[in-house]
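Worksheet for the structure shown next.
Each value in this text was obtained by applying a stated rule to the coordinates, not by laboratory testing. Predicted model, so just to flag it, every value in this text is computed and none were measured. Don't worry about glycine lacking a Cβ; one is built from the backbone with ideal geometry, like all the others, and counts go over all protein chains shown.
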Amino acid sequence: MKSKKHLSALRGALTAVLTPFLMFSAGAATAAGPYFSSGVLYLEVNETSGDLVFHRDIYSLIPFPPALDFDVDTFNIYNCKSWSYKPKVNDICLFPSPVMHSADANDSDQERWCLAFNVFARGTFGAEHRLSIK
């Protein structure tokens, strides 16, 4: 019961702080900026609260561009255009920031609570070829 109380307090605090910054539009997105990685922490979800969907970049379909959209019998990593992940409570999903992603609609009566974030890299990287990010 104590964890439910903490979750409720965390939700209240996040709502108060993040409400001005929340985007309520549904659609695919990528993280714009000098990010190393993006991620989502799922605080409260259920079976029908919506999957996290990763979309293949349209230009990665070369040598078969969108104009040559073939019918396929079996989808695999070479011919599918998106992948879905069904999150569970306390899952953390990390992925490269440039990957196009979206969330399916929440078809349940329960609210979906998640915290999306981007990871920044700062400092000097590499032994032979040094890269400095400030």
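Summing +1 for each Lys or Arg and -1 for each Asp or Glu among the other residues whose beta-carbon sits under 12 angstrom from that of S82 gives -1. Shape verdict for the range 34-133, please, from the Cα gyration tensor: rounded (a/c under 1.5), prolate (a/b greater than b/c) or oblate. Because a/c hits 1.5 or more and a/b fails to exceed b/c, the range 34-133 counts as oblate. The simple spin-label model puts a point 7 Å past each Cα toward its Cβ; for M100 and V119 those points are separated by 2.5 nm.
Backbone amide hydrogens, once placed in the peptide plane, bring S97 within less than 5 Å of S37, S38, excluding anything fewer than 5 places away on its chain.
In this simple spin-label model, placing a label point 7 Å from the Cα along the Cα-to-Cβ direction at both A127 and D91 gives a separation of 3.7 nm. Using a cutoff of 8 angstrom between alpha carbon atoms and counting only pairs six or more residues apart, the relative contact order for the range 34-133 works out to 51 percent. Using θ = phi - 60° in the Karplus curve 6.51 cos²θ - 1.76 cosθ + 1.60, the 3J(HN,Hα) couplings for the range 94-100 round to 10, 7, x, 4, x, 5, 5 Hz; x is entered for Gly and Pro.
Under a 5 Å amide H cut-off, with hydrogens placed 1.01 Å from N, D91 pairs with Y42 among residues at least 5 apart or on other chains.
Near P96, once Lys and Arg are set to +1 and Asp and Glu to -1 for all other residues with Cβ below 14 Å from its Cβ, the sum equals 0.
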